[in-house]
Amino acid sequence: MKRMLVLGALIVVGALSISIAAQQAKQVIDVQKVSDNYYVLTSSTPGNDATFSGGNVGVFITNGGVVLVDTKLAGWGQTFLDRVKSVTTKPVTMIINTHTHGDHTGNDDKFGTSVEIVAQENTKTNMAKMDAFKGDKAVFLPKRTFKDTLTVGSGSERIDLYYFGAGHTNGDAMVYFPALRVLQTGDLFARKDAPRIDRANGGSGVAYPQTLSKAVATVKNVDIVVPGHAPLMKWSDLQEYQRYTADLLKDVQTARGAGKTADAAAASITMDKYKGYTSEGMKLAVQAIYDELNAR
Ligand SMILES: [Zn+2]
């Protein structure tokens, strides 16, 4: 009995120190200044639950207020709000969601109901299926949607939103700031790894390379690419990622044509010529492409 009590006390102490560590870690969201009126809130690399706060967030400060591109994970609300306040005293007036996932939409409800929330129309449909936007939270669903393109603001405050087709989901917006020559890609280009293809939300590994090739052909004058979950990159990195997704699809089709299982295909596809890439998402990506091809 005494031993049980000691053990119980140890577990309590252990749990306490874990939660203190989590609290301390939750202070981590890094602010990266790109220009006087545009910042990126990082700490966006998945894998470590103590520091992963959700996708990269763009903070664009205009005369009329602050435009946020994405809003990280719900559990990081206060730290996220503090970080936004650390770069501007202006109120948030608009939120652009690049896509539906909770690590990009988690704090849409933290800035009041007068904030204009903008997303591609399929993303609004996908968000409406999430528990986070049901019941009285439905007021935080996007009020303004677009199909292919939408421009908000003008002059140096202009923002161009683009939808190029299915990829990570069926509602991925790319967000371009012409005056800054910055493009936020959302999770269409999350990091240098095999793409995550969310078929339940309309994602497509077959369409992925075409979607990215439209992006590469359409958007001009980009110096800085802000990916969904990795440090800032260059335009050439996005061009390379388009080639990566095309090669991945080709290799999967070849392996499938040769009768390989999805697992065998994933094990055999190396993508070695792409330097600096990891393959953590390879198995899931290959499986998703197999599922999509098998469903045809
Ligand atoms: Zn995502």
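The values are calculated or read from the model by the stated rules, or taken from the named source; none is laboratory data. As the structure is a prediction and not an experimental result, all values here were calculated from the model. Because the Cβ atoms are built from the backbone with ideal geometry, glycine has one as well, and the counts that use them run over all protein chains shown. Accessible surface is based on the protein model in full, side chains and every heavy atom, while ligands, DNA and RNA are left aside. Shrake-Rupley method; radii C 1.70, N 1.55, O 1.52, S 1.80 Å.
Per-structure values
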{"quantity": "Residue 131 - accessible surface, heavy atoms, 1.4 Å probe, Å² rounded to 10", "calculated": "120"}
{"quantity": "Within-13-Å neighbourhood charge of residue 198 [Cβ basis; K, R +1; D, E -1]", "calculated": "-2"}
{"quantity": "Shape call, the range 176-222: gyration tensor on alpha carbons, a/c limit 1.5", "calculated": "prolate"}
{"quantity": "Spin-label model distance (nm) - residue 258 vs residue 148, 7 Å beyond Cα toward Cβ", "calculated": "4.0"}
{"quantity": "Surface accessible to a 1.4 Å probe, residue 181 within the full protein complex, Å²", "calculated": "90"}
{"quantity": "Within a Gaussian network of the chain (alpha carbon springs, distance under 10 Å), most fluctuating of 217, 266, 230", "calculated": "217"}
{"quantity": "Solvent-accessible ranking of 103, 36, 263, 70, largest area first, probe 1.4 Å", "calculated": "36, 263, 103, 70"}
{"quantity": "Rg over Rh [alpha-carbon atoms, Kirkwood Rh] for the chain", "calculated": "1.02"}
{"quantity": "Per-residue [θ]222 nm for the chain (sum of -39500 (n - 2.57) over DSSP H runs n ≥ 4, rounded to 500)", "calculated": "-10500 deg cm²/dmol"}
{"quantity": "Size of electric dipole in the chain: Cβ of Lys, Arg +1 and of Asp, Glu -1, about Cα centre, debye, nearest 20", "calculated": "220"}
{"quantity": "Directionally averaged shadow of the range 103-193, computed from the convex hull of its alpha-carbon atoms, nm²", "calculated": "6.7"}
{"quantity": "Charged-residue dipole, Cβ positions (Lys, Arg, Asp, Glu), the range 110-208 about Cα centre, Debye nearest 20", "calculated": "120"}
{"quantity": "With all protein chains modelled, accessible area of residue 116 [1.4 Å, Å²]", "calculated": "70"}
{"quantity": "Cα-centre dipole for the range 243-296 with unit charges at Cβ (Lys and Arg positive, Asp and Glu negative), debye to 20", "calculated": "160"}
{"quantity": "Calculated FRET efficiency for the pair residue 32/residue 272, C-beta based, R₀ 30 Å, to 0.05", "calculated": "0.45"}
{"quantity": "Gained length - residue 121 relative to residue 239, 0.36 nm times residue gap less alpha-carbon distance", "calculated": "39.9 nm"}
{"quantity": "Surface accessible to a 1.4 Å probe, per residue, for the residues of the range 116-213, Å²", "calculated": "38"}
{"quantity": "The range 262-296 versus the range 200-245: alpha-carbon centroid distance in Å", "calculated": "18"}
{"quantity": "Estimated FRET transfer efficiency when R0 is 41 angstrom, pair residue 220-residue 200 (beta carbons, to 0.05)", "calculated": "0.75"}
{"quantity": "Kyte-Doolittle at least -1.0, axis length at least 27 Å by Cα - qualifying DSSP helices, the chain", "calculated": "2-25"}
